[in-house]
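Participant: Have a look at this one before I ask anything.
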Amino acid sequence: MIIRILGEGQFDVPDSELDALNVLDERLVTAIGSDDEDAFHAAVDALLGRVRELGSTPPADRLAPSDLVLPAADTTLTEVRGLLGDEGLVPG
């Protein structure tokens, strides 16, 4: 699956990692629900870090739509709250 991190680019992440990303997404949703800025920033860092760790950069000549778009690392809790769907940022 192709995941875009805003401001960074795309990462090709194995579909088999979706469950692990959902666990991190749940931490993010919980932090937002409790307005916990510290937990929010830790959750965003963990989610984006995992995508960077697992993903590879697609070749520059390969154009593919993103299956999932994640916010930039410096996005605020309020901004991410506005992006959340019923299933968080990572649909499962």
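The values are calculated or read from the model by the stated rules, or taken from the named source; none is laboratory data. No experiment lies behind these values; they were computed from the predicted model shown. Positions of Cβ are generated from backbone atoms using ideal geometry, with glycine treated the same way; all protein chains shown enter the neighbour counts.
Participant: For segment 56-78, does any single residue satisfy the condition of being in contact (Cβ under 8 Å) with a residue 60 or more places away in the chain, assigned to a helix (DSSP H, G or I) and under 11 Å from the mean Cα position of the chain (by Cα)?
Facilitator: No, segment 56-78 has no match at all.
Participant: Are there any pairs with C-beta distances below 8 angstrom linking a residue in segment 26-37 that is on the phi > 0 side of the Ramachandran plot to a residue that is in a helix (DSSP H, G or I), with the two at least 6 apart or on different chains, and if so which?
Facilitator: D35/L77
Participant: Are any residues in segment 2-16 acidic (D, E) and closer than 12 Å to L70 by Cβ, and if so, which ones?
Facilitator: Answer for segment 2-16, where residues must be acidic (D, E) and closer than 12 Å to L70 by Cβ: just E8.
Participant: Looking at the structure I just gave you, is T30 more than 25 Å from D15 (Cα to Cα), over 12 Å from the mean Cα position of the chain (by Cα) and not aromatic (F, W, Y)?
Facilitator: no
Participant: Follow-up. Could you tell me whether D45 is modelled with pLDDT of 90 or more, part of a loop (DSSP other than H, G, I, E, B), surrounded by fewer than 16 Cβ atoms within 10 Å (Cβ to Cβ) and not polar (S, T, N, Q)?
Facilitator: For D45, the condition - modelled with pLDDT of 90 or more, part of a loop (DSSP other than H, G, I, E, B), surrounded by fewer than 16 Cβ atoms within 10 Å (Cβ to Cβ) and not polar (S, T, N, Q) - is not met.
Participant: Where residues in segment 1-24 are in contact with a Gly (Cβ under 9 Å, 6 or more places away or on another chain), in a helix (DSSP H, G or I) and surrounded by fewer than 20 Cβ atoms within 10 Å (Cβ to Cβ), which of them is modelled with the highest pLDDT?
Facilitator: E17
Participant: Can I ask one more? For segment 25-42, enumerate the residues that are farther than 12 Å from V80 by Cβ and either basic (K, R) or in a helix (DSSP H, G or I) (or both).
Facilitator: E26, R27, T30, D38, A39, A42
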